[in-house]
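K.L.:
Sharing a structure below in structure tokens format, with a few things to ask.
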Amino acid sequence: MGLQRNPTPRADDKIRAYTRMKGLATALLAAMAGVYVLSRIYEPRYPALGFARALAEAAMVGGIADWFAVTALFRHPLRLPLPHTAIIPRNKDRIGENLAKFVETNFLAPELIAGKLERIDFTTQFARWLAVPERGKQIAQWALDFVPSLLSAIDDEDVRRFIHDNVAQRVRDVDTPLLVGTIADTLLEDNRHQAVVTELLEQLALLFEEHKPLIRQRVRESTAWIWKKLSIDEKVSDNLIAVVDDALKALSDNPDHAWRRGFDDAIRSFVVQLKTSPDYLAKWDALKERLLEHPALKEYLSIVWRDIKASIERDAAAPDSYVKARIEAAIAGIAKGLLDDAAMRERLDAWLRETMLAVIDAQRHAIARLISDTVHHWDAQTVTEKIELEVGRDLQFVRINGTVIGGIVGLLLHTLDVLLFR
């Protein structure tokens, strides 16, 4: 028998066991034939050997009959195309269909699957498994070992392009004039912007105070020499500085100043135009496009990704990896949370059961069809070899039993014949 032309270790063990059992059954049949021949030769001299002859004769009949029956399942005995032999090769497609229906009906029926799943506490078992500290470390280490190979497999330019395209799309989707206008409306509501304007004026006054010496110098440099002799330049610069100081102080101290009201009116007019003017919208869109397509932005995104990548790789290689510690802590937290929260476990188990049952129920016909299609596409020899490998060893017991039982029956019949008719 040419079973499993390229057997796996497990299949190889089955082949050896099958071969041993087949050899034993054949050896027993051969032994009975030897006993029969010897008994037949010496029976005239030793009549008691008639019992041995009867036993061996019936044993051969039983053994040969069962050998024929077992062999007829898989091939033609003695290669004779007798009717109702080579049953499995001739009916492999029907066997596949029946096997598929059997599995679908008896193993994949929804009520059977539901009953099995109901007895399994998936979440508790998973949480207990996850709660073992060594498992958390193993998972974290696996994730950390996977990171460098993942990063090396990623093309930097693809990542840069991906980030840029996604950032660009988000920026393009933002209605900038409306957003800016809404923020400005919020600030203008109840004159909230006055505090901002006042702060700006105060900062402007401080800046002006800091640059007063520079203003005096510039005025002096721009004044004719005769006026410098008469110190006119100092009077001009002092008067100019005094005017600006008074203007800034008046603007800062008086929220109702005419200039500030004019500034407010200008801001409100600008906000209205910002939210409604197509020109502003076009300008904003053009500005966004120039910024998004600027080479400096693309280079910046490349630098950011390279820095992130290098940081992750350094952390992954470090003995005290921060990422690994966080993964371990997260795993421990998940396990503890599941073990402490019975309601959450019940919800997860219910969801898992419903999902698995729905998937199995939806696919059980496909699973059955897969079985029948697989058997259908196997050639007859492959089907025969696979089935014979699985059940051949047990079928050799049929041959052995046939030989033994046949011999016992033959011995009993011969004994009755001697007792009753001789």
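Bear in mind that the values in this text are calculations on the coordinates, not laboratory data. Small disclaimer: the values here were computed from a predicted structure and weren't measured. Neighbour counts run over all protein chains shown; Cβ positions are idealised from the backbone, glycine included.
K.L.:
Tell me the label-point distance for the pair residue 340, residue 162, using the 7 Å Cα-to-Cβ offset, in nm and rounded to one decimal.
P.N.:
Roughly 3.6 nm, to one decimal.
K.L.:
When a footprinting reagent is the concern and you count Cβ atoms within 10 Å, what order do 344, 60, 32 take, fewest first? Let's see the in-between values first.
P.N.:
On the way: 344 14, 60 21, 32 26.
Ordered by Cβ neighbours within 10 Å, fewest first: 344, 60, 32.
K.L.:
Now for a separate question. Using mean Cβ contacts within 10 Å as the protection proxy, how do 145-158, 40-53 order, highest first? Walk me through the numbers on the way to the answer.
P.N.:
Numbers: 145-158: 11.3, 40-53: 13.9.
My ranking of the peptides, most packed first, is 40-53, 145-158.
K.L.:
Can you put 16, 75 in order of Cβ neighbours within 10 angstrom, beginning with the fewest?
P.N.:
By the 10 Å Cβ count, ascending, the order reads 16, 75.
K.L.:
Nearest 20 debye, what's the magnitude of the dipole of region 1-126 about its Cα centre given +1 on Lys and Arg Cβ and -1 on Asp and Glu Cβ? Let's see the in-between values first.
P.N.:
On the way: 17 positive and 11 negative charges, 120 e Å.
Computed charge dipole of region 1-126: roughly 580 debye.
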